[in-house]
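I have placed the structure first, in the form of structure tokens, so that the comments after it can refer back to it.
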Amino acid sequence: MSKAKWIAAAAGWFFAGPIGGIIGYYLGKNLSNKKVDNQKGFEISLLILSSMVIKSDGKVLKPELNYVRQFFNKTFGSQKSNEYFKIFNNLNKQDLNSRLRQVCLQINAHVNHSSRLEIIHFLFGVAASDNEIHLKEIETIKRISNYMNINSYDFESIKSMLLAKKSADSEKWYKILGVNKNATDSQVKKAYRKMALKYHPDKLTGVSEDIKKLATEKFQAVKEAYEQINKERS
């Protein structure tokens, strides 16, 4: 199977919109729509959005590229991920900001809410892979979040999960659950149950095991936050 046909088979419905235009341009092929599972289309959306986040601070750093490559290697294996990275290398040389909204709207139309939350989690991982999260990277992820109809409550919770690893402040646990320190025990418990349900890995369908691992990380972070709050209050 030729490279063009393999990418077409992998991308499916993405070739009907701006994402297909981006990929088709770099391949230099006239690719037609093909039916495909959402898993592979989901991975392609990660590739394009990763490129936008990486370039948002004006630098393309090796640790960020390695983070994405390692994820794709684990998901696809080296041979298939190498095909995607031929596109990725070209994406990183171009300014795609003007297409960000259209790309996100296309993803939003085909990917469920739980999977869109995993995209935001993954993008924060990309931004933090060089041990520094630039304000421009956060702003770009926030824009992506808004375009994909993810509310500020969920966005701040995911961001707090990442920053919690770097902070000793107990307030971080409350931020993960989306409540403040003045919340009653009943409110904390209600927030925990809501977040645990939202981030349960079983809610994800049609995605790779690596994406489910991201959901498991968030699910565990929510559980730890609730346990730490209970421990502090007791």
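The values are calculated or read from the model by the stated rules, or taken from the named source; none is laboratory data. For clarity, every value in this text was computed on a predicted model and none was experimentally measured. Quick reminder, even Gly has a Cβ in these numbers, built from the backbone with ideal geometry, and neighbours come from all protein chains shown.
Scan segment 71-104 for residues that are of a type outside the set (Phe, Trp, Tyr) and within 15 Å of the chain's Cα centre (by Cα) and the total you get is 4.
Which residue is modelled with the highest pLDDT, if the candidates are limited to segment 34-67 and must be in a loop (DSSP other than H, G, I, E, B) and among the hydrophobic types (A, V, I, L, M, F, W, C)? This residue is 61. Looking across segment 126-137, the residues that are crowded, with 18+ Cβ neighbours inside 10 Å and in a helix (DSSP H, G or I) come down to 126, 127, 128, 137.
Filtering 168, 225, 183 for residues that are part of a loop (DSSP other than H, G, I, E, B), more than 15 Å from residue 122 (Cα to Cα) and modelled with pLDDT of 80 or more leaves a single hit, 183. One residue stands out in segment 85-99 among those that are touching a helix residue (DSSP H, G or I) at 6+ places or on another chain (Cβ under 6 Å) and without any contact (Cβ under 8 Å) to a residue 60 or more places away in the chain: the one that is surrounded by the most Cβ atoms within 10 Å (Cβ to Cβ), namely 88. Within segment 89-118, the set of residues being part of a helix (DSSP H, G or I), under 23 Å from residue 195 (Cβ atoms) and of a type outside the set (A, V, I, L, M) comprises 108, 113, 114, 115, 116, 118. Residue 145 meets each of the listed conditions (1) surrounded by fewer than 19 Cβ atoms within 10 Å (Cβ to Cβ); (2) over 18 Å from residue 64 (Cα atoms); (3) at pLDDT 85 or above apart from (1). Of all residue pairs spaced 6 or more apart or on separate chains, those with beta-carbon atoms under 6 Å, a first member in segment 115-138 that is touching a residue at least 60 places away in the same chain (Cβ under 8 Å) and a second member that is acidic (Asp, Glu) and crowded, with 22+ Cβ neighbours inside 10 Å are 126/64; 127/137; 129/64; 130/64. Return the residues of segment 203-217 that are modelled with pLDDT of 75 or more and out of contact with any helix residue (DSSP H, G or I) (no Cβ under 6 Å at 6 or more places or on another chain); say none if nothing qualifies. Within segment 203-217, just 217 meets the criteria.
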